[in-house]
Structures are given as C-alpha cells and as structure tokens.
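Trainee: I have a structure I would like to understand better, so I am pasting it below and will then ask my questions one at a time.
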Amino acid sequence: MSNAAAPVADSTANWVDTHAPLWMRPYLRLSRFDRPIGWWLLLMPCWWSAALAAGIAHDVRGLPLVIVLFFIGAVVMRGAGCTWNDITDRKLDAQVERTRSRPIPAGQVTVRQAAAFLVLQALIGLAVLLQFNGFAILTGIGSLVVVAIYPFMKRVTYWPQVFLGLAFSWGALMGFAVILARIDATALFLYAGSIAWVIAYDTIYAHQDTEDDVLIGIKSTALLFGERTQLALTIFYSIAVVLIGVALWRGGSQWLAWIGLAAFAAHLVWQVRTIRIDDSALCLRLFKSNRNAGLLLFAGLLADAVLRSF
C-alpha cells in the first residue's frame with residue numbers, strides 16, 4: 001500500500017479508504033470526509049436554530065432550502081476548519097499516536113498543498129453564505145475569528161473546549177440571522193446552551209489522548225477534570241439542557257419541541273452514566289452518539305415549526 005493510500009490511525013474502514021481515487025484520499029482525510037461525525041456536530045446547532053426561528057416566524061416555506069444550504073456549508077467549513085487545524089498542529093500531530101499518520105505529518109501532502117485546499121473549501125463555503133441576506137453573511141464571516149484562533153488555545157489554556165464551543169455552536173446564531181435577519185436573546189440562549197454541550201462532548205473525545213497530551217504539553221478539559229469528569233459532564237450537560245430550554249420557552253415552542261428536548265436530555269444522561277474515561281473506544285462511541293442526541297432535538301424543533309406554521 002502506498003503512503004498516500006494508508007488510512008490515518010484514528011479512522012476506520014470507510015468509502016475514502018476503499019473507493020476514493022488514491023490521489024484524492026489525503027485531501028479527503030484533511031477534510032475528515034472519512035469521519036463525518038464532525039460535520040454532523042457542526043450542523044446540529046445550525047438546524048436547531050433554523051427550525052426554532054422558522055417556528056417563531058410561523059413559516060416553514062423556506063426551511064427546506066435553508067436546511068440543505070446549512071448541510072453543504074457545514075460539510076465544507078468543517079473540512080476547512082480541520083485542514084487549518086492540521087496545518088497549525090502538524091508538529092504536535094506527529095508526536096501523538098492517534099494523529100501521527102494524518103496527511104501532513106505523514107508526508108502525504110505538503111503544507112502548501114493543504115493551504116491551497118483550504119482556500120478552495122473556504123470559497124465553496126463563501127458561495128453558500130452568499131445565498132443568504134446581508135446580515136447573515138456578516139454573521140457567518142464573524143465566525144472566522146474564533147475558527148482561526150481555536151487550534152492555538154490548547155497550547156495556552158486547559159479550556160480549549162470553550163473556544164471549540166464558540167466555533168462549533170455558531171450555527172445557533174446563523175438560523176436566526178438567515179430566517180429572521182436578527183440575533184436576539186433567544187438565539188443567544190440557544191448559542192450558550194450549545195457551547196455547554198460542545199464543552200462536554202469534546203471533553204469525552206479528549207480523553208482518548210490524555211497520556212500523549214501530558215507528554216507533549218497539550219492542555220484540555222479532560223486533563224483538567226480527570227477523575228471528576230463525570231461530575232463535570234453532569235454540570236455542563238445540565239447547563240446545556242437548561243439554556244436550550246430557556247431558548248425554547250422564549251421562542252414560544254410547543255409540546256413537540258419539549259419532547260425533543262426531553263429526548264436530548266435523556267440521551268445525555270445515558271452518556272454520563274455510561275462513560276469510563278479509561279476506555280478510549282467507549283469514549284469515542286459516546287462522543288459520536290451526540291449526533292443522535294442532536295437529531296432528537298432537531299426532530300422535535302422541526303415538528304414544532306411545522307405545527308406552528310398552520
């Protein structure tokens with residue numbers, strides 16, 4: 001098997017490894033097309049906010065197109081963010097067992113090639129963004145500041161997950177910007193709740209790397225919380241549910257949305273009760289399960305929006 005064909009260590013068999021042309025595989029891995037969980041998690045706050053805003057507007061006619069555009073935008077911008085992260089973290093990735101076979105440290109692509117690919121993905125994301133109103137365009141551009149600084153935070157603070165939350169939750173603002181052309185307190189509560197959710201699930205994810213992180217001086221909430229992780233998850237997941245609940249209440253959501261929130265909360269309770277921080281495979285499975293948690297909430301918000309549009 002050639003160097004370009006070798007899958008990264010933190011990936012499993014998928015269409016990239018088995019069907020994509022050999023020359024394309026390193027670029028698809030830079031974008032994490034071999035691991036779609038990242039764009040699912042980036043997409044969830046976008047879909048939540050779009051559905052909640054449509055419910056507030058009592059109009060779902062434009063919602064299907066917004067959902068599709070958010071999907072495309074989440075996939076390409078998550079890819080762009082991962083490419084930027086791999087460029088900035090290439091020396092650190094080479095020191096971590098799980099990441100040393102990523103395309104740049106493995107020599108499958110050069111930094112210059114990765115940067116060109118980053119620009120291409122950003123241009124696709126811009127094309128999606130330009131389909132929206134001017135306020136939404138400016139709101140989307142504003143996210144780039146947080147995205148740009150996030151990869152450096154693990155070097156200076158034990159709370160890099162906060163900055164990931166700021167970036168990955170930006171979609172909670174975008175739905176309001178696109179559909180209502182405003183960001184109000186309801187949107188901000190949804191955004192804050194999503195940030196708490198991200199902090200918790202990325203703490204779970206970070207427990208896969210704690211031994212390597214200690215050796216190379218990388219900081220994370222997983223190291224900060226340690227044996228208190230279960231308590232920390234309980235706190236942050238509870239904050240997430242409460243703040244999202246406030247957003248639903250302020251947005252006038254009805255019973256279907258609250259059922260979705262209850263299902264979301266029940267899933268988070270299951271994660272907290274199940275986690276064992278010394279079991280990397282379990283941590284990865286629980287992290288990935290947050291897609292299902294997010295979809296449960298979205299289903300409730302979507303059904304509520306449709307009901308309120310009649």
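The values are calculated or read from the model by the stated rules, or taken from the named source; none is laboratory data. Not measured: the values here are computed from a predicted model. Ideal geometry is used to build each Cβ from the backbone, glycine not excepted, and the neighbour counts take in all protein chains shown.
Trainee: So which residues in the range 232-254 are hydrophobic (A, V, I, L, M, F, W, C) and either surrounded by 17 or more Cβ atoms within 10 Å (Cβ to Cβ) or touching a helix residue (DSSP H, G or I) at 6+ places or on another chain (Cβ under 8 Å) (or both)?
Mentor: Residues satisfying the conditions are 232, 233, 236, 239, 240, 241, 242, 243, 244, 246, 247, 248.
Condition check ((1) of a type in the set (Ser, Thr, Tyr); (2) touching a Pro at 6+ places or on another chain (Cβ under 9 Å); (3) assigned to a helix (DSSP H, G or I); (4) within 30 Å of residue 88 (Cβ to Cβ)) across all residues:
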site	(1), (2), (3), (4)
224	no, no, yes, yes
230	no, no, yes, no
233	no, no, yes, yes
248	no, no, yes, no
252	no, no, no, no
261	no, no, yes, no
282	no, no, yes, yes
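Trainee: Read through the list (1) of a type in the set (A, V, I, L, M, F, W, C); (2) closer than 19 Å to residue 152 by Cα; (3) in a helix (DSSP H, G or I), then give the number of the only condition that residue 244 fails.
Mentor: With respect to (1) of a type in the set (A, V, I, L, M, F, W, C); (2) closer than 19 Å to residue 152 by Cα; (3) in a helix (DSSP H, G or I), residue 244 is out only on (2).
Trainee: Find the helices (runs of 4 or more DSSP H) located wholly in the range 39-137 whose residues include 1 or more that are of a type outside the set (Val, Ile, Thr) and under 16 Å from the mean Cα position of the chain (by Cα), and list them.
Mentor: 63-88, 111-129
Trainee: Go through the range 142-174 and count every residue that is in contact (Cβ under 8 Å) with a residue 40 or more places away in the chain and within 30 Å of residue 251 (Cα to Cα).
Mentor: 10
Trainee: Also, I was wondering about something else. Can you go through 240, 222, 187, 200 and tell me which one is among the small types (Gly, Ala, Ser) and more than 30 Å from residue 176 (Cα to Cα)?
Mentor: None of the others qualify; the one that does is 222.
Trainee: Also, I was wondering about something else. Could you say whether any residue in the range 180-203 is touching a Lys or Arg at 6+ places or on another chain (Cβ under 8 Å), of a type in the set (Asp, Glu) and either free of Cβ contacts under 8 Å to residues at least 12 places away in the same chain or not in a helix (DSSP H, G or I) (or both)?
Mentor: no
Trainee: Based on this model, can you work out whether residue 112 counts as basic (Lys, Arg), modelled with pLDDT of 85 or more and in contact with a Phe, Trp or Tyr (Cβ under 7 Å, 6 or more places away or on another chain)?
Mentor: no
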